[in-house]
Structure formats: structure tokens, C-alpha cells
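Data block below; observations after.
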Amino acid sequence: MYLVNLSQDKSKLNPYISNTLLKEINKSLEQWKKTILYLNKRWEYSALVCNTCNHLYKCKNCDISMIVHKYPQKLICHICGENKDIPTKCEKCNNETLQKVWIWTQQIEDSLKKEFPNHNVFRFDTDTVKNKSEKENALKNLEKSDIIIGTKMITTGFNFKSIWLIWVILLEQELLIPKYNTEEKVYTNIKQLLWRWSRNGEISNVVIQTFIPENEIIKSITHDNYKDFFVKTLAERKLFNYPPYTEMLTLEYRNNNQEKAKNFILNLKNKLEIINSENNNKLDINLVPNPTKKYKQYYYKIILKWENLRDFLLCIKPEIMRNSWLVVIFE
């Protein structure tokens, strides 16, 4: 397994496809072998990376990557709501080489079809496989495809033959998912991807493309150093008071009306703070100020951290029971 630094190796075809990747795909095609290109999801969040020093912008409160938002023009943490203006210069090296990173599977598919018009390129994600009949057609397409662009769904339940190359398109995109256990899931996803086909002894090359080759999690994966990764992860969770050092849950409320959703979550937060104060508890109550919108509904969240959340939830049992749009998610 080795790394390709996208800051130094970009093709003219696509900024997220390196010249090295194009050469390796050609080698694979010459040997009548398949290439799998992996991207965690069919689209991803936008990150901000410095092309000079490889600095990735993270939240100072949560140690996760901040997301570039167009409206408003801000860097925003999707856990605590921390936000700041999008900089024009890198805060670490002061160079004006900041790049917004955003990639999706169809973008990669279109580029490769243009580059390899005489070969079968197949995209395997939730856009192309939505039901049982489409899945049956997808299986046939997978068998005859030379280049497969897949999301995480390709790592489970499928067993391809003649895999010569597995290429992770942009690993840092997975690091942007706003969860405290993101790095652990990234590590697990990549290992699952490799184990899936290494059991057959067919893979010749495994390559990770990235703009941040010096990132600690990426180094841990490429060096297969789980021990150091485990120690580092536990230290970070203790510092930021995440499980297993505390219990953590999310109260998520959704509504078609944004004002109603906002008012409900603010009233619930106020009630939690009153109960917390009256009982002299040290509950950490964190309202995520920026809602997400899915399927015309607005989602507001409160994140709770404490040593005994299950007992505390009894205090708001009526709100939970009578509001079907209020969901409790234990981490």
C-alpha cells in the first residue's frame, strides 16, 4: 500500500484523478484485470485544505474537520456549531494556496469514460442501485466492467474476481463526517475494503490518494499501525469527553416548519438546563445551532454527554413519548 500526493500529482483530466492512477489503470487493463475506485459516499462534504503545507481546517472544540458552507460563507462545525469566516490565507503557513475539496462519484465516472471510451466503466452507488431489479442488473454490469467506481456498499456482500488494483480516490473526504468516531470508522472502512479481496490473494496494488499525506490517521492506515491509532484515539476521546469515558446521545427533532422545529428544540434545551440545575448534575448540553434539511424537513439537534443519561431521560419521558418527530440516538 502506498500514497499518492494529489497536491503534486494532478492530471489534466480531473483534479482528483492523478497521473499515477491513469497509468495504473492502463496497466490493469493491459492484463485484463479489474480496477476498483473507492469513494465513501456518492457525494461528500466540502473541506478546506492548504496545498502548500497540507493543513486541514478542524474545529478547535471537537477535533473534526470544519465544513465549507456557501450560504452563509463560513467554515462550520456540524457538531458544536463553531464557525468562522473562510480564510484567504493558510493559518499555518500564510500561503494563499487554500483549496476547497469536493468530489462525487458521477464526476469521477464521467472523467474516466472520457479517458477510456473503449472500456466498461460502471458506477455502483445508491443512484444506480435503488431496488432489487436494479441490483440484479448491477451484478451483471459489475462482472463485465473493467473499472468500477464504488461507495461503501461495494465492500459488503460482493465477491469479484480478477481484482488487480484498489484505489481510494480521496481518503480525507471520509474524515469530514461530523461524528466523534469518524476516524475509527475511516480506519475500519479501509481495512474492510482491503480484507474483502485480499483473502483471494488477487490484489497487486492498493493506493490511497490524498492532499494531506502527513495526516496521522492516513499514516496509521498505510503503515498498518493500529496500536498507535488506538492509543491516540483513546487519548482524544478522554480529552474531549467522548465515549467510552462518558455516555453520549443526540436528541433530534424534525419538522416541515423551520420555526416550529427551532422553537421546540429551544424549549427542550431550556427544560433540560432547568432539570440539570435543580439536580446539581454536570450534564453537558450542546445545541447544534445550524439545522440540516432533508426531504423538505428541518432537523435540529441537542447533544448530551453525562455518566448516566438513561436515568436522566426519564425526566423528559413525556416529550419523547408524545412527539414522534423527536428521536433519541445513543452513540
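Put simply, of N141, N120, N189 the only residue that is closer than 20 Å to F229 by Cβ, surrounded by 13 or more Cβ atoms within 10 Å (Cβ to Cβ), of a type outside the set (F, W, Y) and at pLDDT 70 or above is N189. If the condition is being at pLDDT 70 or above and on the phi > 0 side of the Ramachandran plot, then region 144-162 contributes only S162.
Contact map, region 1-23: first residue in a loop (DSSP other than H, G, I, E, B), second residue among the charged types (D, E, K, R), Cβ cut-off under 7 Å, separation 6 or more or different chains; pairs are L13/E115; S18/D9; S18/K10. Taking region 3-60 as the search range and keeping residues that are among the basic types (K, R) and touching a helix residue (DSSP H, G or I) at 6+ places or on another chain (Cβ under 8 Å), which one is nearest to E91 (Cα to Cα)? Per the criteria, the residue is K10. Taking the numbered list (1) under 22 Å from I67 (Cβ atoms); (2) among the small types (G, A, S); (3) at pLDDT below 90 in turn, A261 passes all entries but (3).
Selection of region 33-47 for residues being hydrophobic (A, V, I, L, M, F, W, C) and either modelled with pLDDT of 85 or more or surrounded by 20 or more Cβ atoms within 10 Å (Cβ to Cβ) (or both) yields I36, L37, L39, A47.
Taking the options L112, L175, L165, name whichever one is modelled with pLDDT under 85 and over 30 Å from P243 (Cβ atoms).
Result of the check over L112, L175, L165: L165.
Is it true that F264 is surrounded by 15 or more Cβ atoms within 10 Å (Cβ to Cβ) and either more than 26 Å from the chain's Cα centre (by Cα) or closer than 30 Å to S11 by Cβ (or both)? For F264, the condition - surrounded by 15 or more Cβ atoms within 10 Å (Cβ to Cβ) and either more than 26 Å from the chain's Cα centre (by Cα) or closer than 30 Å to S11 by Cβ (or both) - is met.
The values are calculated or read from the model by the stated rules, or taken from the named source; none is laboratory data. None of the values given here were measured: they were computed from a predicted structure. In this analysis, Cβ positions are derived from the backbone assuming ideal geometry, glycine residues included, and neighbour counts consider all displayed protein chains.
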